[in-house]
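Scroll down for the structure; my scribbles are underneath it.
We did not get these values from a lab; they are worked out from the coordinates using the rules stated. A quick note: this is a predicted structure, and the numbers were derived from the prediction, not measured. Here the Cβ positions follow ideal geometry from the backbone for every residue, glycine too, while neighbour counts run over all protein chains shown.
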Amino acid sequence: MTKKTLIGAALTATLLSGCGGSDEPKQVGIAPAVFTDSLFAVMNSDRTNYTKLIVQRLGPNGVDAIKPLEHWQDASNSAPLPAQMFRYGAEGVAEVTDNFSYSLQSLWPVNKQNAPKTDLEKEGLQYIADNPGEKFYGEETLGDTTYFTAVYPDVAVSPACTSCHNDHKDSPRSDFKIGEVMGGVVIRLPIPKG
């Protein structure tokens, strides 16, 4: 089995069978919200650790040898920003599976490609901004496919986050604080037609 097949099998594993004489079908598998919550836990941990353990140490308060830069590929001794690392991960996953996708988005994006594109994305991002610590779930149809869409808060976890966004020439906001929602992680799963 390929990685793509294994992920698909894990995601859509639903068995319908009578149990103990009952006429009700028994569903076995992972609920979409549990699946996206689990994905987000991994993504959030990786992103937070990269920011705190690497970028914060390399930034203005860190060593001079390597700097995190937006245009890191054009400079020697530089490293990608946390948002770039996140996007590279999402692009790598998209090469392996189409069973889910994820992106980092914001109502105040520094890079305009990270702005919400659907009404549900906008609604979810506004909800998590207005309700710190909460997550948002919904369904939307794009083309011929219906998706379970989850939006999770992307929070400023270090001074590297706030200073980068607050000082960036393209940032629509310059008042972010540690612990504040700066955007959101949008995870989308196609809902199997049944």
- [ ] Counting other beta carbons within 10 Å of each Cβ, put Glu140, Glu95, Glu134, Glu121 in order, fewest first.
- [x] Glu95, Glu134, Glu140, Glu121
Open item on the list: Students often get this wrong: which residues of segment 81-100 have the backbone nitrogen under 19 Å from the point 7 angstrom along Cα-to-C-beta of Glu139?
Closed with: 99-100
Open item on the list: Just to be sure I understand the model, the point goes 7 Å from the Cα along the line to the Cβ. What's the resulting Ala31 to Thr97 distance in nm?
Closed with: 2.0 nm
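Take Met85, Met182 and order them by how many other Cβ atoms sit within 10 Å, fewest up front. Walk me through the numbers on the way to the answer.
On the way: Met85 19, Met182 24.
Going from least to most buried by this count: Met85, Met182.
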TODO: Counting other beta carbons within 10 Å of each Cβ, put Thr162, Thr36 in order, fewest first.
DONE: Thr162, Thr36
- [ ] Using only alpha carbon pairs under 8 Å that are at least six residues apart, calculate the relative contact order of segment 110-192 and give it in whole percent.
- [x] 32 percent
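What FRET efficiency comes out for Ser45 versus Lys193 if R0 is 25 angstrom and r is the Cβ-Cβ distance? Round to the nearest 0.05.
Values: r = 33 Å, r/R0 = 1.33.
Between Ser45 and Lys193 the formula returns 0.15.
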